[in-house]
1. Restricting attention to the range 202-214, does a residue exist that is within 16 Å of I47 (Cβ to Cβ), modelled with pLDDT under 90, outside the structural domain of F75 (by TED's automatic domain parsing) and surrounded by 12 or more Cβ atoms within 10 Å (Cβ to Cβ)?
2. Quick check, is G136 of a type outside the set (S, T, N, Q), more than 30 Å from S88 (Cβ to Cβ) and in contact with a Ser or Thr (Cβ under 7 Å, 6 or more places away or on another chain)?
3. Of the conditions (1) of a type in the set (S, T, N, Q); (2) closer than 19 Å to G221 by Cβ; (3) touching a strand residue (DSSP E or B) at 6+ places or on another chain (Cβ under 8 Å), Q190 satisfies every one except a single condition; which number is it?
4. Can we say I206 is touching a helix residue (DSSP H, G or I) at 6+ places or on another chain (Cβ under 8 Å), over 16 Å from P137 (Cα atoms) and hydrophobic (A, V, I, L, M, F, W, C)?
5. Checking the conditions here, which among L53, L84, L115 is farther than 22 Å from I166 by Cβ, touching a residue at least 60 places away in the same chain (Cβ under 8 Å) and either in contact with a Phe, Trp or Tyr (Cβ under 8 Å, 6 or more places away or on another chain) or among the charged types (D, E, K, R) (or both)?
6. For the range 161-201, enumerate the residues that are surrounded by 15 or more Cβ atoms within 10 Å (Cβ to Cβ) and either of a type in the set (S, T, N, Q) or not assigned by TED's automatic domain parsing to the domain that holds T139 (or both).
7. Only residues that are out of contact with any strand residue (DSSP E or B) (no Cβ under 9 Å at 6 or more places or on another chain) and either under 23 Å from I47 (Cα atoms) or without any contact (Cβ under 8 Å) to a residue 24 or more places away in the chain (or both): list them for the range 100-112, please.
8. What number goes with the only condition from (1) exposed (fewer than 13 other Cβ atoms within 10 Å of the Cβ); (2) outside any helix (DSSP H, G or I); (3) of a type in the set (D, E, K, R) that R123 does not pass?
Amino acid sequence: MEKQSNKTILVIDEDKINQVHLRGALGERGFHVFAVDNAQEGVDFCIKNIVDLVVLDLNLPDRDGMSVIEFLRSFNNKISIIVLTKRSSIDDKVLALDAGANDYMTKPYNFLELLARIKKEFRYKKEEDEHLLTNGPLTIDYGGKTVYVNGKQVHLTNFEYKILLILATNIGRTCSYESLIDAVWGTNGQDQNGLRVFMAGIRKKICVDEASKNILRTCVGMGYRMDYVE
């Protein structure tokens, strides 16, 4: 049986039987699978953890799944979202795809077809996922979602990791306070003081010695920047 690795899938579906089925069947193929039965738990899980793909039912007990798509897309533009629902109307499909879903399947469904669509999403992102960024003693493994300093793995929170990725993507350029806050939390998220706390946590883990102390720079009154280092 083909095995996958380092991919985390979250199932958001109040149907406990389907949860058990997908956790077992996808887990057997090497995916890390978690399941929740309502929208709020799903959103909270994605905020606190690094999730590669969400299998989402639109019919949730606390709110419509469309709002989950909109939040996840604003929170993490790289996360894959596959809708798996009984709602089969063209209007629902168009709304879901317009909101940011990557794919749409209706129940009852064939598991092998769902698996094929999941693999397609991961193949699509494979080139990007396999990319490594190395800057002096800092290495970011995008595929493994891991960070190393001087060859030792550094454990970042979900928010710390997202901030570091934005700075790494814009290496050599200053990212304004506002752009960082908007990209990580949205327009109604943290303020500059909150961002400063997260940056302090990142620096404590990344800037650990003479070789790494100049990787992250504060541009007073403007924002933060990752600089190139030897």
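1. The answer is no; no qualifying residue exists.
2. Numbers: of a type outside the set (S, T, N, Q): yes; more than 30 Å from S88 (Cβ to Cβ): yes; in contact with a Ser or Thr (Cβ under 7 Å, 6 or more places away or on another chain): yes.
Yes: the conditions hold for G136.
3. (3)
4. Numbers: touching a helix residue (DSSP H, G or I) at 6+ places or on another chain (Cβ under 8 Å): yes; over 16 Å from P137 (Cα atoms): no; hydrophobic (A, V, I, L, M, F, W, C): yes.
Answer is no for this residue.
5. Matching residue, one of L53, L84, L115: L84.
6. Listed by number, the residues that qualify are N170, T174, Q190.
7. In the first step, residues of the range 100-112 are kept if they are out of contact with any strand residue (DSSP E or B) (no Cβ under 9 Å at 6 or more places or on another chain); the result is 108, 110-112.
Correct list: P108, N110, L112.
8. So R123 meets the others, but not (2).
The values are calculated or read from the model by the stated rules, or taken from the named source; none is laboratory data. This is a predicted model, so every value here is computed, not measured. Please note: Cβ atoms are built from the backbone with ideal geometry, for glycine as well, and neighbour counts cover all protein chains shown.
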